[in-house]
Amino acid sequence: MKMSTGKHSLKLHLVLLALLIAVVGFVIWLYTGYVGESTPYEVTNYAMGTYVQQTVYGKNGQAGASAAANAISSLENEISWRVDGSEIQKLNEQAGGDPVKVSKDTFSILQASLDVAEETGGAFDPTIYPLSSLWDFGGDNQQVPAREEIDAFLPYVNYQDLALNDAACTARLAKELEAVDLGAAGKGAACDAALQAYRDAGVDNAVIAVGGSIGVMGRRLTQENWRISVRDPDKSVDDSDAGMGVLELSEGFVSTSGVYEKYFEQDGILYHHLLDPSTGYPVENNLLSVSVVAQTGVLSDLLSTACFVLGLDNSLSVLEHYDAQAIFITRDKEVYITEGLKDRFTVSSQAYTLKELQ
């Protein structure tokens, strides 16, 4: 897909962003209102299996956006199992064999993934690929696997078999048929890479959205916080009132995991892509989505998945451990937010009720 570049009016930006939301099902999107003499540099391209929307302010905006796009592309070529010759593909192919040398970026993402897996007791597991490949959500062969298939591959999902050697910068899977899938970290990692590229290019203010992950840096030129609209899970993304609340951030990252991101229906039953590593089936709880605000994009992405699997009550100690905050939306249209978001999140839809955490 060709990259579309150029400087556009705010009105055109909002129209384009609405179109992208409709196409890829963004779970959160932005109010990037701009006041100033010069317009921001805006660009949309495709990476990490989704659309990437950049809005970069200042004279170095175009250079920063170009550097960010290149950084994301390079990262995808390292960590995606779908890319021929990627480091993760090599790691999976070498499962049960010798360690595989990886880049510092890949090692850092693997390390963060393993840390969250250990902290959550495997509620998140980076070795989920043997199961996720059976379901093939978003692929050409998505289907409900036979129970026998799931039972056969469950033993090969075990984060404890992923060994990392910091000194040698290597990774190793202990058994054949084991495999890593960093899909729950990639979009957040892309936001990390983009914001670092902006800083290196001398950019002061920017926002990037990569699927369900968003990173913001610097204040809007109005000196106000960035305002991120959180999607109503029960509404289509192209509805004019698809938001159910607004999150305000000055800087940082937020990622959302929801049942509506990737799913299919078979025999009248809806199956979403958030798998429980202990069962091999989509998680069944009362949650529709979890949005996590964290210090890095990788961590926000990983924790949004982990907290969805854990459920509300079991997530709180994990969020506290990582000094992260979260928004939980339930099927009963109740919204629970952690203490750190009380002054930063507002419910805007009358269909939802903000509840106190017990």
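The values are calculated or read from the model by the stated rules, or taken from the named source; none is laboratory data. Keep in mind it's a predicted model, so treat the numbers as computed, not measured. Cβ coordinates were reconstructed from backbone atoms using ideal geometry, including for glycine residues, and neighbour counts include every protein chain displayed.
Values computed for the structure shown
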read-out	value
Any chance Phe328 is of a type outside the set (A, V, I, L, M), outside any strand (DSSP E or B), in contact (Cβ under 8 Å) with a residue 12 or more places away in the chain and surrounded by 15 or more Cβ atoms within 10 Å (Cβ to Cβ)	no
Complete set of residues in region 143-160 that are of a type outside the set (Val, Ile, Thr) and either surrounded by 16 or more Cβ atoms within 10 Å (Cβ to Cβ) or closer than 15 Å to Val309 by Cα (or both)	Pro145, Phe153, Tyr156, Asn158, Tyr159
Residue count for region 58-73, restricted to those that are more than 15 Å from Asp192 (Cβ to Cβ) and crowded, with 24+ Cβ neighbours inside 10 Å	2
Pair list, Cβ < 9 Å and 6+ apart or interchain, from region 343-358 residues that are of a type in the set (D, E, K, R) to residues that are surrounded by 13 or more Cβ atoms within 10 Å (Cβ to Cβ) and in a loop (DSSP other than H, G, I, E, B)	Arg344/Asn225
Region 266-319, residues that are surrounded by fewer than 23 Cβ atoms within 10 Å (Cβ to Cβ) and among the acidic types (Asp, Glu)	Asp267, Asp276, Glu284, Asp313
Among the residues listed as Pro277, Pro233, the single one being in a loop (DSSP other than H, G, I, E, B) and either modelled with pLDDT of 90 or more or in contact with a helix residue (DSSP H, G or I) (Cβ under 7 Å, 6 or more places away or on another chain) (or both)	Pro277
In region 111-131, the residues that are in contact with a strand residue (DSSP E or B) (Cβ under 7 Å, 6 or more places away or on another chain), part of a helix (DSSP H, G or I) and buried (at least 23 other Cβ atoms within 10 Å of the Cβ)	Leu131
Qualifying residue in region 132-149 (condition: of a type outside the set (A, V, I, L, M), within 11 Å of Asp181 (Cβ to Cβ) and not in a loop (DSSP other than H, G, I, E, B))	yes
Positions within region 161-199 being under 13 Å from Asn92 (Cα atoms), surrounded by fewer than 16 Cβ atoms within 10 Å (Cβ to Cβ) and aliphatic (A, V, I, L, M), in sequence order	Ala163, Ala174, Leu177
Members of region 150-181 found to be part of a loop (DSSP other than H, G, I, E, B) and under 15 Å from Tyr281 (Cα atoms), listed by number	Val157
